[in-house]
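S.K.: Once you've had a glance at the structure underneath, I'll fire off some questions.
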Amino acid sequence: MNPNAVGGQLHDRATRGVELAAEEQAQLNEWYAEQDRVEAAVLSRPTSAQPLDALHAQVDRVMVQLGDVTQRIQTLSAESDAIRKEIAELQ
């Protein structure tokens, strides 16, 4: 089993009130320290507005496409209703 899974299981047991053996507590403390190191590394990365701007532009493009598709669906629905009505009249 990988160390991350073991740490997660130990954390789960500890938070549920299960008493851990000394060796397990040491493993859990090391796992917590590793989680802290990973979190610190992620938080210390410089952020850039450029990817966010690109995402906003992508969302805007998708919204336009969604509007076009919605319009097409409404047109097809109206045409379908007209055809159904015509079929009912012919029957």
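Read-outs: derived from the displayed coordinates by stated rules, not from any lab. Computed from a predicted structure; not experimentally measured. Counting neighbours? That spans all protein chains shown, and the Cβs are built from the backbone with ideal geometry, glycine included.
S.K.: Which value at 222 nm does the chain reach when only helices count, each DSSP H run of 4 or more adding -39,500 (n - 2.57), with the total divided by all residues and rounded to the nearest 500 deg cm²/dmol? Don't skip to the end; give the middle numbers.
M.R.: On the way: 3 runs with 78 residues, N = 91.
Value at 222 nm, helices only: -30500 deg cm²/dmol.
S.K.: Also, quick follow-up: Picking from ASP81, ASP68, ASP53, which is most flexible by a Gaussian network model of the chain using Cα springs under 10 Å?
M.R.: Of ASP81, ASP68, ASP53, the Gaussian network model singles out ASP81 as fluctuating most.
S.K.: Still on this structure, I have one more. Using θ = phi - 60° and the Karplus form 6.51 cos²θ - 1.76 cosθ + 1.60, what ³J(HN,Hα) does each residue of region 59-70 get, whole Hz, x for Gly and Pro?
M.R.: In residue order, the calculated couplings are 4, 4, 5, 5, 5, 5, 4, 4, x, 4, 5, 4 Hz.
S.K.: Would you please report the Å³ per residue occupied by the convex hull of the alpha carbon atoms in the chain?
M.R.: Hull volume over Cα atoms, normalised by residue count, gives 214 Å³.
S.K.: Taking θ as phi - 60°, what are the ³J(HN,Hα) couplings along region 20-27 by the Karplus curve (6.51, -1.76, 1.60), each to the nearest whole Hz, with x for Gly and Pro?
M.R.: 9, 5, 4, 5, 5, 5, 5, 4
S.K.: While we're on this one: So, in nm, how far is label GLU19 from label ARG45 when the simple model puts each one 7 Å beyond its Cα toward the Cβ?
M.R.: 4.3 nm
S.K.: What spacing in nm lies between the two simple spin-label points modelled at GLN9 and LYS85, each 7 Å away from Cα in the Cβ direction?
M.R.: A separation of 6.7 nm, rounded to one decimal place.
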